[in-house]
Amino acid sequence: MKVNSLPSDALERGHCYVQDPSTTIACQLLDPKSGERILDACAAPGGKTALIAEQVKNRAFIVACDREQRRVRAMRANLQRLSAQIALVEQCDWTRQSRSILQSANGGFDRVLVDAPCSNTGVMRRRVDVRWRLTLADFGRMQERQIAIIRAVLRLLKPGGVIVYSTCSLEPEENEEVVRRIVAETPALRLEAQKHSLPFRDGFDGAFAAKLVRST
Ligand SMILES: C[S@@+](CC[C@H](N)C(=O)[O-])C[C@H]1O[C@@H](n2cnc3c(N)ncnc32)[C@H](O)[C@@H]1O
């Protein structure tokens with residue numbers, strides 16, 4: 001919901017969660033439906049998972065995973081506070097095999113969101129450390145991590161299913177180039193839509209999202 005003034009009371013009581021408008025781009029492309037099986041693969045601290053739960057009116061099977069134990073704990077608390085209890089929260093590192101996720105996949109997911117770890121260049125206006133921390137080599141390193149995560153979760157996507165890949169990076173190496181490589185190596189995947197936000201054009205954080213559909 002877009003508001004013109006901060007709902008301080010609701011914030012203090014923990015009834016709402018503040019997100020930048022760029023967050024919604026990936027969830028719009030994902031377009032989840034009630035009754036579907038949805039995997040939010042890099043989910044902590046749960047901002048997009050909560051949005052997805054709202055989109056499906058809390059009527060879907062959502063698995064929300066993340067590698068970091070501390071962030072998984074924060075996500076559990078956030079999702080409970082926001083009444084998004086339909087999400088099953090699991091700690092999982094996609095670069096290692098996780099048997100429990102494969103079990104809960106039970107025939108695969110209809111929609112998968114990969115909100116990948118990235119260089120964060122789209123949120124540099126708020127996170128000033130980013131410009132001092134980043135080196136040129138980071139973009140290539142990030143690309144390999146992002147592709148490894150997509151490859152792992154693709155195995156869990158049903159034929160006919162949708163995968164949305166998103167970042168809060170402005171870098172082609174982490175966005176279009178990742179999508180190009182994944183589509184090139186996966187003939188069953190088709191790029192259906194791609195969206196950007198840019199801080200200097202849109203007045204909010206930078207983000208990228210691509211929607212891919214699996215044919216078989
Ligand atoms: C951009 S953040 C996710 C933000 C979240 N989607 C939200 O809207 O609140 C990326 C997340 O990916 C997680 N991550 C990084 N590498 C991972 C991996 N190999 N497996 C699972 N999660 C990973 C990080 O711990 C981090 O929480």
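A compact table of results
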{"quantity": "Approximate spin-label separation Asn106-Ser5, in nm, with each point projected 7 Å along Cα-to-Cβ", "calculated": "4.7 nm"}
{"quantity": "Ranked list, fewest to most other Cβ atoms within 10 Å of each Cβ, for Lys195, Lys211, Lys57", "calculated": "Lys57, Lys195, Lys211"}
{"quantity": "Contour excess over end-to-end distance, with Cα ends at Ala193 and Lys33 and 0.36 nm allotted per residue", "calculated": "55.8 nm"}
{"quantity": "Ranking of Cys65, Cys16 by count of other Cβ atoms within 10 Å, fewest first", "calculated": "Cys16, Cys65"}
{"quantity": "Residue with peak Gaussian network fluctuation, the chain [Cα springs, cutoff 10 Å], from Ala53, Ala43, Ala74", "calculated": "Ala74"}
{"quantity": "At least 20 Å along the helix axis (C-alpha) and Kyte average at least -1.0, DSSP helices within the chain", "calculated": "136-154"}
{"quantity": "Assigned charges on the beta-carbon of Lys, Arg, Asp, Glu; the chain dipole about Cα centre (debye)", "calculated": "420 debye"}
{"quantity": "Extension gain (nm, one decimal) between Thr95 and Arg151, 0.36 nm per residue minus Cα-Cα", "calculated": "19.2 nm"}
{"quantity": "Partners for Lys158 among lysines (Cα-Cα distance below 17 Å; same-chain residues under 8 apart left out)", "calculated": "Lys33, Lys211"}
{"quantity": "Neighbour-count ranking [beta-carbon atoms within 10 angstrom, fewest first] of Val130, Val89", "calculated": "Val130, Val89"}
{"quantity": "Percent antiparallel among DSSP beta bridges (both partners in the chain, rounded to 5)", "calculated": "45 percent"}
{"quantity": "Rel. contact order, % - alpha carbon contacts under 8 angstrom, at least six apart, segment 8-214", "calculated": "22 percent"}
{"quantity": "Ratio of Rg to Rh over the chain (Cα coordinates, Kirkwood Rh, two decimals)", "calculated": "0.95"}
{"quantity": "Rounded FRET efficiency, nearest 0.05, which uses the C-beta distance separating Thr135 from Ala184 and R0 of 22 Å", "calculated": "0.25"}
{"quantity": "Cysteines (scope the chain) whose Cβ has no counterpart Cys Cβ under 4.7 Å", "calculated": "Cys16, Cys27, Cys42, Cys118, Cys168"}
{"quantity": "Calculated FRET efficiency for the pair Cys16/Glu68, C-beta based, R₀ 22 Å, to 0.05", "calculated": "0.35"}
{"quantity": "Proximal aspartates and glutamates to Lys57, defined as alpha-carbon separation beneath 20 angstrom and excluding residues fewer than eight positions away on the same chain", "calculated": "Asp31, Glu36, Asp40, Asp110"}
{"quantity": "Most positive-pole-ward Cα, Gly107, Ser169, Ile38, against dipole of the chain from beta carbon charges", "calculated": "Gly107"}
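Here, each number is a calculation from the coordinates, and none is a lab measurement. Keep in mind that what you see is a predicted model, and the values were worked out from it rather than measured. Cβ: placed from backbone, ideal geometry, glycine included. Neighbour counts: every protein chain shown.
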